[in-house]
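Everything on this sheet refers to the single structure shown next.
The values are calculated or read from the model by the stated rules, or taken from the named source; none is laboratory data. Keep in mind it's a predicted model, so treat the numbers as computed, not measured. No Cβ is skipped: glycine too gets one built from the backbone with ideal geometry, and neighbour counts run over all protein chains shown.
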Amino acid sequence: MPWNPFKNKSKSTSSSSSVAASQQQQQQTYTPATYASAQHTNTISSSAGDGNGKQAYAPPPGPPPPSQSSGGRGMTAAPPSYGASIQVRDQAGEDPLEMLKMYDTVFLVDDSGSMAGSRWTQAMNALMGVADLVGKYDDDGFDVYFLNSRKDGSGMRTSRQVADLFGGVRPNGATPTGQRLEYLLRDYMKKLERSRTFSIGAGKGNIKPMNLIVITDGAPTDDPESVIVTFAKRLDKGEYPLSQVGIQFLQIGNDAQAKAALEEMDDGLSSTHDIRDIVDTVPYSGEDMSADIIIKTLLGGINRRLDRKK
């Protein structure tokens, strides 16, 4: 069944009674990093057929320009505030976001024509917020790919990097979800199998498990189901951990056909084809896309796959 990230949504508490209480809250609640403090280098690349290689990219100093009200491309709006609703430490005093450093996080963003306008801005702003948060926990950052554009960003750790990447992409075309999933999963499986081959002993190598989050607003125009089944069988054949690969479809917008297509992949693939369950879907919840939703989707997917290992 589709997972609802808003069940048991935790709310941070606030207190203005004393300076000590205020300081304690600051330790428990994420505060977005300033743009000027980013000193890491990331890569923005184009994998188009012209053979362009990756070029080193250093985030410019200073804050981004103020947000614009128009839906034009190239917008570098400030990331939304979400620190008030995500507690960094749980009731046991542990930080659930620490587990992110143990995974490779990859976002596949729908850049079809229907994403133009407010949905594109929502996706960009949400990932800008995620970048500033994840960058505090994972030195590798996360990678971003698109369904149609061959521009991609690796090691995203700041909101400025995400904004610059999105500013170079114009939503256009169809929704070839299966084609792009095959590209990303094939590349990951090659690395995974090569790592096992050349690792010492019978270990699985040093490749991190992958979280692949697909942000989309429409039903696929190709066949992602067969792609997922093929790679799930390869994982089963190789006896890789159940948490090795997870694919999460996150719906943006309220398209009914998209919701039905995503639910079908979530509910039917594992039982129909007798494969491991590597797909989770989060249908449209009535709220705009946000960093809150993405982070809870990401952590929820990790926790469910860990539960399946028991």
query: For the stretch 222-244, how many residues are within 17 Å of THR177 (Cα to Cα) and of a type outside the set (Ser, Thr, Tyr)?
result: 9
query: Going by the conditions given, is VAL162 β-branched (Val, Ile, Thr), over 23 Å from GLY253 (Cβ atoms) and touching a helix residue (DSSP H, G or I) at 6+ places or on another chain (Cβ under 7 Å)?
result: no
query: Regarding PRO220, is this residue buried (at least 21 other Cβ atoms within 10 Å of the Cβ) and assigned to a loop (DSSP other than H, G, I, E, B)?
result: yes
task: Of the conditions (1) part of a helix (DSSP H, G or I); (2) crowded, with 17+ Cβ neighbours inside 10 Å; (3) not basic (Lys, Arg), GLN257 clears all except one; give me its number.
output: (2)
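Quick check on GLY246: is it touching a Lys or Arg at 6+ places or on another chain (Cβ under 8 Å), closer than 30 Å to GLY113 by Cα and surrounded by 15 or more Cβ atoms within 10 Å (Cβ to Cβ)? Can you show your working first?
Values: touching a Lys or Arg at 6+ places or on another chain (Cβ under 8 Å): yes; closer than 30 Å to GLY113 by Cα: yes; surrounded by 15 or more Cβ atoms within 10 Å (Cβ to Cβ): yes.
When the stated conditions are applied, GLY246 passes them.
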- line: Filtering strands (runs of 3 or more DSSP E) wholly in the stretch 85-181 for at least 1 residues that are small (Gly, Ala, Ser) gives 151-156
- prompt: Residue check: is THR121 of a type in the set (S, T, N, Q), under 18 Å from LEU250 (Cα atoms) and within 17 Å of the chain's Cα centre (by Cα)?
  reply: yes
task: Would you point out which residue out of ASP164, ASP138, ASP111 is surrounded by fewer than 22 Cβ atoms within 10 Å (Cβ to Cβ) and over 14 Å from the mean Cα position of the chain (by Cα)?
output: ASP164
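Looking at ASP187, ASP277, which is the one that is modelled with pLDDT of 90 or more and either part of a helix (DSSP H, G or I) or over 29 Å from LYS101 (Cβ atoms) (or both)? Give the derivation first.
Working: ASP277 fails: either part of a helix (DSSP H, G or I) or over 29 Å from LYS101 (Cβ atoms) (or both).
Testing whether each residue is modelled with pLDDT of 90 or more and either part of a helix (DSSP H, G or I) or over 29 Å from LYS101 (Cβ atoms) (or both) leaves just ASP187.
Report yes if ASP277 is more than 27 Å from TRP120 (Cβ to Cβ), among the acidic types (Asp, Glu), surrounded by 15 or more Cβ atoms within 10 Å (Cβ to Cβ) and in contact (Cβ under 8 Å) with a residue 24 or more places away in the chain, otherwise no.
Numbers: more than 27 Å from TRP120 (Cβ to Cβ): yes; among the acidic types (Asp, Glu): yes; surrounded by 15 or more Cβ atoms within 10 Å (Cβ to Cβ): yes; in contact (Cβ under 8 Å) with a residue 24 or more places away in the chain: yes.
Yes; evaluated as a whole, the condition is true for this residue.
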Set ILE252, ILE302: member being closer than 19 Å to LEU100 by Cβ and not basic (Lys, Arg): ILE302
- line: Of the residues in the stretch 280-310, those that are in a helix (DSSP H, G or I), of a type outside the set (Ser, Thr, Tyr) and crowded, with 17+ Cβ neighbours inside 10 Å come to ALA291, ASP292, ILE293, ILE294, ILE295, LYS296, LEU298, LEU299, GLY300, GLY301, ILE302, ARG305
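Looking at SER149, is it touching a residue at least 60 places away in the same chain (Cβ under 8 Å) and under 18 Å from the mean Cα position of the chain (by Cα)?
Details: touching a residue at least 60 places away in the same chain (Cβ under 8 Å): no; under 18 Å from the mean Cα position of the chain (by Cα): yes.
Spelling it out, it is not the case that SER149 is touching a residue at least 60 places away in the same chain (Cβ under 8 Å) and under 18 Å from the mean Cα position of the chain (by Cα).
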message: Residues that are out of contact with any His (no Cβ under 9 Å at 6 or more places or on another chain), modelled with pLDDT of 95 or more, under 24 Å from ASN303 (Cβ atoms) and among the hydroxyl-bearing types (Ser, Thr, Tyr): does the stretch 208-227 have at least one?
response: yes
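Only residues that are among the basic types (Lys, Arg), over 13 Å from LYS101 (Cα atoms) and at pLDDT below 95: list them for the stretch 119-166, please. Even if it seems obvious, please write down each step before you answer.
Initial filter on the stretch 119-166 (among the basic types (Lys, Arg)): 119, 136, 150-151, 157, 160.
Add one more test, that the residue is over 13 Å from LYS101 (Cα atoms), and what stays is 119, 150-151, 160.
Passing the criteria: none in range.
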